[in-house]
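The values are calculated or read from the model by the stated rules, or taken from the named source; none is laboratory data. Keep in mind the model is a prediction, meaning the values are calculated, not measured. Note: ideal-geometry Cβ built from the backbone for every residue, glycine included; neighbour counts use all protein chains shown.
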Amino acid sequence: MRYLLDTHALLWFVAGDDALPDRSRTLIASPAHEMLVSAASAWEVATKFRIGKLPGAALLARNFVDTVAGLGFAPLAITAAAAQRAGGWEIEHRDPFDRILAAQAELERVPLITNDAAFAAFGVQTVW
């Protein structure tokens, strides 16, 4: 099965953070599943690291592509269709990273691994 990782799930997996529940950690680590990582997560990590909101994310901020590839995760580009969907939703959610992740999950027809309840407004399937 394929899954899309929310940025915090990726960060917590890479860091070995206990905030990531065992169920999610097992799903992510399983070679039976394909993990997709959005270009939006690279953008989010780099941006938030630069402005000081993610000081512990230096590894991902500086070496996102190689780190993700080393974990065996598949990169997911942001398409024009995903950007159009993200921008067109009539939902009062202002976070552009969440909007694009929700659009990608919908268009790719994959569950999003996240603990963010805000994704319910988008109607995408989530797993945690």
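Of all residues in the range 99-124, which are out of contact with any Lys or Arg (no Cβ under 9 Å at 6 or more places or on another chain) and closer than 21 Å to Trp12 by Cβ?
At the first step, the residues of the range 99-124 found to be out of contact with any Lys or Arg (no Cβ under 9 Å at 6 or more places or on another chain) are 101, 105, 112-121, 123-124.
Listed by number, the residues that qualify are Leu101, Ala105, Leu112, Ile113, Thr114, Asn115, Asp116, Ala117, Ala118, Phe119, Ala120, Val124.
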Quickly run through the range 46-104 and pick out the residues that are more than 16 Å from the chain's Cα centre (by Cα), farther than 12 Å from Phe122 by Cα and assigned to a loop (DSSP other than H, G, I, E, B). Ile51, Gly52, Lys53, Pro55, Gly56, Arg94
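Just to be sure I understand, how many residues within the range 107-125 are buried (at least 19 other Cβ atoms within 10 Å of the Cβ) and of a type outside the set (A, V, I, L, M, F, W, C)?
Narrowing the range 107-125 to residues buried (at least 19 other Cβ atoms within 10 Å of the Cβ): 110, 112-114, 119, 122, 124.
After this cut, where a residue has to be of a type outside the set (A, V, I, L, M, F, W, C) as well, the list is 114.
So the count comes out to 1.
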Tell me the residue from Val14, Val37 that is farther than 15 Å from Ile100 by Cβ and of a type in the set (A, V, I, L, M), please. Val14
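Yes or no, residue by residue, for (1) at pLDDT below 95; (2) buried (at least 20 other Cβ atoms within 10 Å of the Cβ); (3) in contact with a strand residue (DSSP E or B) (Cβ under 6 Å, 6 or more places away or on another chain); (4) over 15 Å from Ala9 (Cα atoms):
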site	(1), (2), (3), (4)
Leu20	no, yes, no, no
Arg25	no, no, no, no
Glu34	no, no, yes, no
Ser41	no, yes, no, no
Val45	no, yes, no, no
Lys53	no, no, no, yes
Phe64	no, yes, no, no
Thr67	no, no, no, no
Gly72	no, no, no, yes
Can you tell me which condition Asn115 does not meet? The list is (1) in a loop (DSSP other than H, G, I, E, B); (2) free of Cβ contacts under 8 Å to residues at least 60 places away in the same chain, and all the others hold. (2)
